[in-house]
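What follows draws every value from the coordinates through simple rules; no lab data is involved. Computed from a predicted model, the values in this text were never measured in an experiment. With ideal geometry, Cβ positions are generated from the backbone for all residues, glycine too; neighbour counts draw on all protein chains shown.
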Amino acid sequence: MDILKYAEKAMSMDNETWSRHSNPWSVYTRFTALPLISLAFWSREWFDVYSLVLIALSFLWVWVNPRLFSEPKRTNNWASMGTFGERIYLNRENEVIPIHHIKACRALQVLTAMGLPFFIYGLYALELWILILGNFWVMAFKAWFVDRMVWLYIDMKDSNPIYQSWFKT
């Protein structure tokens with residue numbers, strides 16, 4: 001199982017949750033997750049063992065975020081189409097998607113992962129600039145991945161009536 005499939009399973013993403021997550025507010029506020037996790041782990045310096053509460057809350061935010069907002073009335077926007085593309089990408093074992101999308105997504109996943117050592121070391125050593133670099137690196141490539149998911153959705157939306165039904169103007 002790839003990491004995205006595992007994450008989807010851990011997040012308990014069903015059709016209703018995906019519909020809610022296609023709300024642009026959900027997508028854009030999701031970009032706060034990594035900085036909040038960073039701050040929560042960094043708080044061990046100030047709150048010692050009580051920082052575990054903030055760490056738990058930051059991970060709770062990751063789980064709650066896709067469920068927090070209502071299903072959008074319109075989905076003809078970058079954020080919504082990014083979530084649609086991700087759904088298609090996660091379903092690639094059941095429906096063929098163009099190989100150029102798979103290659104690009106795998107490359108972006110590798111590039112994203114390359115920022116994790118900076119992120120982890122920055123948290124471990126409490127090195128602010130390394131942590132900022134790790135956050136920026138991971139979030140920049142995640143945003144690029146979402147952009148690629150928009151492209152995937154645009155390429156695939158006419159291939160399946162379900163995909164077409166997600167698009168609302």
Item to complete: Return yes when residue 80 is in contact (Cβ under 8 Å) with a residue 40 or more places away in the chain, in contact with a helix residue (DSSP H, G or I) (Cβ under 7 Å, 6 or more places away or on another chain), assigned to a loop (DSSP other than H, G, I, E, B) and polar (S, T, N, Q) and no when it is not.
Response: no
Worksheet item: Which residues, counting only those in the range 43-62, are closer than 29 Å to residue 26 by Cβ, surrounded by fewer than 16 Cβ atoms within 10 Å (Cβ to Cβ) and either β-branched (Val, Ile, Thr) or touching a helix residue (DSSP H, G or I) at 6+ places or on another chain (Cβ under 6 Å) (or both)?
Response: 53
Response to the item:
Considering residues that are more than 21 Å from residue 125 (Cα to Cα) and hydroxyl-bearing (Ser, Thr, Tyr), the number found within the range 42-93 is 5
Item to complete: Name every residue in the range 127-148 that is touching a Gly at 6+ places or on another chain (Cβ under 6 Å) and among the small types (Gly, Ala, Ser), in order of residue number.
Response: 134
Worksheet, complete the sentence: Flagged in the range 13-27 as out of contact with any Pro (no Cβ under 9 Å at 6 or more places or on another chain) and not in a helix (DSSP H, G or I), in numbering order, are 14
Worksheet item: How many of the residues in the range 110-121 are surrounded by fewer than 16 Cβ atoms within 10 Å (Cβ to Cβ) and either of a type in the set (Val, Ile, Thr) or farther than 15 Å from residue 135 by Cα (or both)?
Response: 2
Fill in: Of residues in the range 128-169 being surrounded by fewer than 18 Cβ atoms within 10 Å (Cβ to Cβ) and among the small types (Gly, Ala, Ser), the one nearest to residue 28 (Cα to Cα)
143
Worksheet item: Out of all the residues in the range 83-105, which are outside any helix (DSSP H, G or I) and in contact (Cβ under 8 Å) with a residue 24 or more places away in the chain?
Response: 95, 97, 98
